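Notes follow the structure.
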Amino acid sequence: MPLWPTGGPVHCPFCRHPDSRVVDSRTSDDGASIRRRRQCPSCHRRFTTVETTSLSVVKRSGATEPFSREKIAGGVRKACQGRPVSEDDLALLAQKVEETLRASGSAEIDAYEIGLAILGPLRELDEVAYLRFASVYQAFESLEDFEAAITVLRAEREGRDSGDVVPEGSAAGGPDESEGSTPVSVA
């Protein structure tokens, strides 16, 4: 007997029969959900269910809330003001962040981890917006913090232009274990 995410059976919405047969299943374009076409064995009518996995954000206060792509885009939107970044760009960034977080396999993600997941795609999208976001997220305290981040961005760009590979995590905002850390400059 098929089950809803809550653990109960999938009742037919027309006759309330407690069973149904899956006729067709398709994954959504972004891979975040599965659409299932079902048929009731009693009344033979068809209906659709959509299955999604839950992803919760654990905030600093300890409270949890459902993950929201809109909140990701909204949080990055301020850093992108005045930059050549479209709403479609923000939506794609939010999708990349969600895919990264879901790939971790965890149903609960710490809010700090979301910020880390934003930094990489934002750096690729727009370096100025990245610096704005990183300066707040990583609590830059001085011009030296900005200079260090810019030095790393320049080294990355030169490495890309010359075909050199820049090691993962060496860029400003790369994975770092300490919250609020500042980037390390590359000489």
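Computed from the coordinates by the stated procedures, all read-outs in this text should not be read as laboratory data. Only a predicted model underlies this, so the values are computations on that prediction, with no experimental measurement involved. When we count neighbours, we look across all protein chains shown, and the Cβ atoms used for this are built from the backbone with ideal geometry, even at glycine.
Please give the length that would be gained between GLU124 and CYS43 if that part of the chain were fully extended, namely 0.36 nm times their separation in residues minus their C-alpha to C-alpha distance (nm, one decimal).
Stretched out fully, the GLU124 to CYS43 stretch lengthens by 23.9 nm.
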(request) State, to one decimal in nm, how far the label point of ALA111 lies from the label point of GLU141, with both points 7 Å from Cα in the Cβ direction. (result) 2.1 nm
(message) Just to confirm the filter: which GluC sites (Glu not before Pro) across region 101-150 are DSSP coil and have at most 13 other Cβ within 10 angstrom of their Cβ?
(response) GLU141
(request) Compute the convex hull volume of the Cα atoms of region 23-140, divide it by the residue count, and report the result per residue in Å³ as a whole number. (result) 126 Å³
(request) Using only the Cα atoms of region 89-143, build the gyration tensor, take square roots of its eigenvalues as a ≥ b ≥ c, and label the shape rounded, prolate or oblate: rounded if a/c is under 1.5, else prolate if a/b is larger than b/c, else oblate. (result) oblate
(request) Apply the Karplus parameterisation 6.51 cos²θ - 1.76 cosθ + 1.60, with θ equal to phi minus 60°, to every residue of region 83-91 and state each ³J(HN,Hα) to the nearest whole Hz, in sequence, with x for glycine and proline. (result) 9, x, 10, 8, 5, 5, 4, 5, 5
